[in-house]
Amino acid sequence: MSLITVRELTKEYVRTKPVQGRFGTVRTLFTREKERTLAVDRIDFTIDEGEIVGYLGPNGAGKSTTIKLLTGVLWPTGGTVEVAGPDGPVVPWRDRRRLAHRIGVVFGQRSQLWWDLPLIESFDLVAALYDVPADRYRSNLARLRKLLDLEPFLRTPVRQLSLGQRMRGDLAAALLYDPPVLYLDEPTVGLDVLAKETVRGFVDESNRSGRTTVLLTTHDLADVERLCRRILLIDHGRVLYDGPVDGLVARYAPYQEVLVRLDGEQPDGGRLDLGGFIGEREHDGRWRFRVGRDEPVHRLLAAAGDGRQIRELAVVESNLESVVRELYRERRNT
Amino acid sequence: MSVLRGYTAYVRTAVAIRLQYRSTILASVVVTLVWILLVTRVWSAAFQGREVVAGLTLESTVVYLTLASLQAAVINTPVTWIMSSRVRSGEVLFDVSRPLGYPGQMLALQAGQSMIQVAVMVLVTPVAGLLGGLSGPAGLTAGLLYPVALVLGWVLNALLTLLIGLSAFWTVDNVGITVLYRFVAAFLAGATVPLIFFPGPLRTLAEALPFRFVVYQPAAIYIGQVDGAEALGGFALSLAWIVILAGVVGLTWRRAYRRIVVHGG
């Protein structure tokens, strides 16, 4: 049975269209013209307990809007969301208080910690808000302190923390009350390599030992490769792909790229036919071929050896990053 | 019980935040004390040796002004600033996703911030008495009714402040309206001039509005200008205002929530 069920979820932002030109600001106050933006457009998906799902899409695709709908902060224009639990399903925006105990939220770009106060005081506040019993708070905090190495800055005011430290604080705050679901919105943005690894390791550990179900948005595909078995790719508010990471690569890049540099005299033109494979000239003079995953590369090599000497050869496996780059590029061209 | 624990934690948090800004507290004390010194001197001069003006003795007027200036510290509105900055930064997202209601959270924050303000004013009261003038309450009844009036006044002001703060959901920046509120509320509450000195129409206006219960009513009860029966009538009216304003806050919050747009990201 799925833990989170999203059906036909739609969010349209309506705002007054600003009037350009003379007295534009004043005229905007009286205009009736509205601008409508469809941020999330009839999205469907379900997430099972214990999954870590990567929620991907270019900037402006509707990721953050979806997260805000899932946390009950935004009202949708249409559709529904249900989060299952022991005392029945909860629709986020209808029953935020019951939802609150079921979800933890971390945003890379903003913090739930109180800026002016030592880190520990924000933890105390969160524990009180979610009415965590004292002994459970103590044991949870002890575990989080160790996992996230919070000890050195537990009594430091949050405004003096580095971004990596603050992020660790935010992760701890989100899990202090043992929510079964964790929403992570760009949790590694701006972090250095080590800090990123700490965050990833922690999410992985919480998912393994705590059975925390995670929905993660990120632009760092290393996060996805390290953590997610499944991804949801959205763009223009619609789901483009929902399935395993490998599946995305297989579907959008059912080929590998072979880069070839030839010795001696270079053929004219921008295209080169080698044994039926068509190569395109790169900026650096190499030729780029696409070879299907089930086609043997040696056919290309055999054709190349036929009168032409190969000086250099590289096979580039398509990975998540190259696929996503390709998809985003296509989007920009349409 | 669980809900109470959450709100108490918010009060504690607000106290802790307030204590981080000790220079602000010090400044508010200095401003209040200097104000008391000035305003009582000006009024003493205005009486020009007369004993009674508009039914109020000079001595009572000075006590009124001293008390009113200390009480006016309640018309501080830190929570409006917290609300607007959290709307602007998008941190309101966390407030909204808490298991406690948003208006209650903000009320608890306002309470915590007020507690420090009140504690400080109580502490400097002896100094205020020296600079302005203080005497005991007009009688036992006045002494007993005074704290009740103060509490009602605080609740009224907190609800009004919350309404002002909620405007941030429409305008993002609520500094302008906050400044306006503090100015209008302080004046109509009788913080600078006792209401009985107000000319006809202005006095009618001030009496029709709830602000007077924040400063004028408690101070007037203390000096005996408002007697027991009148005070009880005032309490009933304050309570009615509190019920109305709580309803308005609730409705406004529901509208604000429905039109929430979390800024950034």
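Observations, loosely collected:
- Look at (1) open to solvent by less than 70 Å² (accessible area, probe 1.4 Å); (2) over 19 Å from A:Glu312 (Cβ atoms) and you find that A:Leu272 fails only one, number (2).
- A:Lys68 vs. criteria under 21 Å from the mean Cα position of the chain (by Cα) and under 30 Å from A:Leu154 (Cα atoms): yes
- Flag for A:Ile47 being open to solvent by less than 10 Å² (accessible area, probe 1.4 Å) and farther than 21 Å from B:Ala256 by Cα: yes
- Among the candidates A:Leu248, A:Leu240, A:Leu259, residue that is among the hydrophobic types (A, V, I, L, M, F, W, C), within 39 Å of the chain's Cα centre (by Cα) and not in a strand (DSSP E or B): A:Leu248
- Filter result (touching a residue at least 40 places away in the same chain (Cβ under 8 Å) and buried (at least 22 other Cβ atoms within 10 Å of the Cβ)) within region B:182-204: B:Ala185, B:Ala189, B:Gly190, B:Ala191, B:Pro194
- Test result for A:Ser64, outside any strand (DSSP E or B), of a type in the set (Ser, Thr, Tyr), within 13 Å of another protein chain (Cβ to nearest Cβ) and touching a helix residue (DSSP H, G or I) at 6+ places or on another chain (Cβ under 7 Å): no
- Contacts under 7 angstrom Cβ, first residue in region B:62-77 being outside any helix (DSSP H, G or I), partner crowded, with 23+ Cβ neighbours inside 10 Å, 6 or more apart: B:Thr77/B:Thr161
- Qualifying residue in region B:233-246 (condition: at pLDDT below 90 and closer than 24 Å to B:Val193 by Cα): no
- Those residues of region B:27-48 which are over 17 Å from B:Thr192 (Cβ atoms) and in contact with a helix residue (DSSP H, G or I) (Cβ under 9 Å, 6 or more places away or on another chain), in sequence order: B:Val29
- Among the candidates B:Arg12, B:Arg18, B:Arg22, residue that is open to solvent by less than 80 Å² (accessible area, probe 1.4 Å), on the phi < 0 side of the Ramachandran plot and within 14 Å of another protein chain (Cβ to nearest Cβ): B:Arg18
- Qualifying residue in region A:129-144 (condition: within 14 Å of another protein chain (Cβ to nearest Cβ), part of a helix (DSSP H, G or I) and either closer than 24 Å to B:Arg18 by Cα or open to solvent by 70 Å² or more (accessible area, probe 1.4 Å) (or both)): yes
- Residues of region B:101-138 that are outside any helix (DSSP H, G or I) and within 25 Å of B:Ser44 (Cβ to Cβ): B:Gly132, B:Gly133, B:Leu134, B:Ser135, B:Gly136, B:Pro137, B:Ala138.
- Any hit, region B:114-130, residues being within 14 Å of chain A (Cβ to nearest Cβ) and more than 17 Å from B:Ala191 (Cα to Cα): yes
- Subset of region A:85-123 [under 23 Å from B:Leu4 (Cβ atoms) and at the interface with chain B (Cβ under 7 Å from one of its Cβ atoms)]: A:Arg96, A:Arg97, A:Ala100, A:His101, A:Gln112, A:Trp114, A:Leu117, A:Glu121
- Test: residue in region B:59-81 that is within 13 Å of chain A (Cβ to nearest Cβ) and at negative phi: yes
- Any hit, region A:255-265, residues being open to solvent by 20 Å² or more (accessible area, probe 1.4 Å), of a type in the set (A, V, I, L, M) and in the same structural domain as A:Ala303 (by TED's automatic domain parsing): no
- Among the residues making up region B:82-122, those that are closer than 22 Å to A:Leu184 by Cα and small (Gly, Ala, Ser) are B:Ser89, B:Gly90, B:Ser97.
- Residue check, B:Thr32 in contact with a Leu (Cβ under 8 Å, 6 or more places away or on another chain) and more than 14 Å from every other protein chain (Cβ to nearest Cβ): yes
- Exactly one residue out of B:Ala138, B:Ala128, B:Ala168 is aliphatic (A, V, I, L, M) and closer than 27 Å to B:Leu237 by Cβ: that is B:Ala138.
The values are calculated or read from the model by the stated rules, or taken from the named source; none is laboratory data. From a predicted model like this one, the values you see are computed outputs, not experimental measurements. Note: ideal-geometry Cβ built from the backbone for every residue, glycine included; neighbour counts use all protein chains shown. Areas reflect the complete protein model, heavy atoms only, side chains present, ligands, DNA and RNA absent. Shrake-Rupley method; radii C 1.70, N 1.55, O 1.52, S 1.80 Å.
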